[in-house]
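I have placed the structure first, in the form of structure tokens, so that the comments after it can refer back to it.
Laboratory data are not the source of any read-out in this text; all were calculated from the coordinates shown. Note that the structure is predicted; figures quoted are calculated from it, not measured. Because the Cβ atoms are built from the backbone with ideal geometry, glycine has one as well, and the counts that use them run over all protein chains shown.
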Amino acid sequence: MLNSKRLILAHFWLAFIAFGVALLLGAWQMFARSPLFAGLQNPEIYYRSVTAHGSAMGYVFPTLIAMGFGYAVTELALKRALVGLRWAWIGFWLVAVGSVMAMIPVALGLASVLYTFYPPMIGNAFYYLGVVLVVVGSWIWVALMSVNLHAWKRDNPGKVVPLPMFATVAGAYLWGWTAVGAAIEVLFMILPVALGWKSTIDAGLARVFFSWTLHAIVYFWLMPAYIAYYTIIPRAIGGRLYSDAMARISFILFLVVSMPIGIHHLFADPQVGSGFKFMHSVFTALVAVPTLLTVFTICASVEIAARLRGGKGAFGWIKALPWSNPMMLALAFSFVMLGFGGAGGIINMSYQLDSTVHNTQWVTGHFHLIFAGAIVIMYFAIAYDLWPHLTGRALQSVRLMRWQLWLWFIGMIVLTFPWHYTGILGMPRRMAFYDYGDPQIAHQAASVIMSVIGGFILVVSAVLFFVVLIRGHRAPRVSVEQFTFSRAIHEPRSMPIALNSFALWLALMIGLTLVNYGYPIAQLLARSDTSVPAVPIGAQR
């Protein structure tokens, strides 16, 4: 039973509102960059939109989903009321107020620094203060996840921590540590300049600190999706989880190896030596291991569901899967997009191949295929699965759910594949508009228009998603069965301490981060000739 329904619904609704606004901004940006209407080519408005789109979609939306889902998991998996409910509401309101505080200067054109806010461009101080409030609110959630786990373990000594809670706390610890890099950059490097206390900034050092956060944040985004893979999908399609232990190993590996890899985003930056760039490239390759484990485990779990439904043969069982079930569709679409996006990521992390696609539309395509595709479609699945338990009303629009998921998948493919293609041809990303009258890029116009069509399909899908949820709120009340997570084939009665606690893995996470970042940061801190004049956004007019 959920005692914190209002809290969880508040997180989800604010998350999806931010998602809806950001999606509309993204669709507009693609239209503005296309040859369809030259009158939209206004760089100032475009970069305001990109900053708002990236900040809402990258910081606000997934953070609120992780928080709301985390609170639901805490009560449902531990079967007890949430400890610290008042603090949870404080965290929510900090995120809400911070989001509004950050977006006001962006809308006024005072903080068009993109969501990566790389110096020496410096936006209005209120933008950064808003981002700080969002992070502080999320850190309250991190603390509450740890507190609730500790309270449960104190009352249940020696028992196996339920897998959903174990995975949720792993995601919380990952976020708590990865956000430190951006926090250091904002608090000690950017804000003093934004507040007028300094006029110079070490842009190279700031980029290194942000890289601490830049890639590991992606794994924070995907944690709710992976938790749904393991703990919701097998049950939703009538099967069992293949291996509880393998699931725990996957989350532990994410916790350990997804942190010390961010410098692979700085391959073209001269301030970091080639040795550490190569080291981060190697660790980036290692982070594929937990994903491969997940693909194997979930595919095995899906096969179990099919064979329980009477599926036969080496491949004939695939026909027996419940393809009319939205959860089955969401998983299949997510895996397809994860496969294509992951293959593109191998190119990005390669120390040699990255130079071909660095800062091109390829990177935009890869990023959207992973996050907006494979991850966000599982956010939809999480909402569909939890909504009846949050509202006490059944989601009756199953056919509409299927349409929504199909349109999201098709739209994301139509959106991102042309980006990959134009990226290989060298089209740069983050450009406000292109001159398609130039014979060198004129032939790329058709691909850009295809992306616009993909964006339009995504908007239609999002509208259907909101229709499903709102209809759910207006449906008749029903008696909802008790929520259950997926059960493993062999439910663990005991678990090695290494797979039931986090002390060792947190030490490795922090240690590897310090090893992989310590020397580059110390080297830049020791130099006195690396600062450059800051460029306030208002001064650029």
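Just a few scattered comments:
- Taking the Cα centre of the chain as reference, the dipole from Cβ charges on Lys and Arg (+1) and Asp and Glu (-1) amounts to some 1640 debye.
- The C-alpha atoms of the chain define a longest principal axis, and helix 216-231 lies at about 20 degrees to it.
- The alpha carbon centroids of the range 117-134 and the range 233-256 are separated by 38 Å.
- Based on the Stokes-Einstein relation at 4 °C and a viscosity of 1.567 mPa s, and on the Kirkwood radius from alpha carbon pairs, the range 428-541 is assigned a translational diffusion coefficient of 56 µm²/s.
- Relative to the longest principal axis of the Cα atoms of the chain, the long axis of helix 445-474 lies at roughly 40 degrees.
- The peptide list 318-326, 236-244, put in order of mean Cβ contacts within 10 Å with the highest first, becomes 236-244, 318-326.
- Near the amide H of Thr360, within less than 5 Å, lie the amide hydrogens of Arg429, all on another chain or at least 5 residues away, with H placed in the peptide plane.
- Pairwise Cα separations in the chain fall into 10 Å bins from 0 onward with the following percentages, short to long: 4, 18, 29, 29, 15, 5, 1, 0.
- Principal-axis analysis of the Cα atoms of the chain puts helix 376-391 at an angle of about 50° to the longest axis.
- For the listed peptides 171-180, 32-41, 149-158, a ranking on the average number of other beta carbons within 10 Å per residue, highest first, reads 171-180, 32-41, 149-158.
- Here the relative contact order of the range 342-494, from alpha carbon pairs under 8 Å that lie six or more residues apart, stands at 34 percent.
- Reachable aspartates and glutamates from Lys319, criterion Cα separation under 13 angstrom, eight or more residues apart if same chain: Glu303
- Mean separation of Cα contacts under 8 Å (6+ apart) over length of the chain, as relative contact order %: 20
- If you take the Cα centroid of the range 296-363 and the Cα centroid of the range 258-288, the two points sit 26 Å apart.
- Unit charges at the beta carbon, dipole of the chain: most positive-side option, Leu133, Pro260, Asn148: Asn148
- The fraction of all Cα pairs in the range 124-212 landing in successive 10 Å bins from 0 to the largest distance is 16, 35, 23, 16, 8, 1, given as whole percents.
- Alpha carbon centroid spacing (whole Å) that separates the range 28-105 from the range 163-199: 16
- The range 359-504: translational diffusion in µm²/s, Stokes-Einstein, Kirkwood Rh over Cα pairs, 4 °C, 1.567 mPa s: 70
- Spatially proximal aspartates and glutamates relative to Lys153 (Cα-Cα < 20 Å; intrachain offsets below 8 disregarded): Glu75, Asp244, Glu491
- The H on the amide N of Ile201, modeled in the peptide plane, is under 5 Å from the matching H of Val532, Ala534, each at least 5 residues off or on a different chain.
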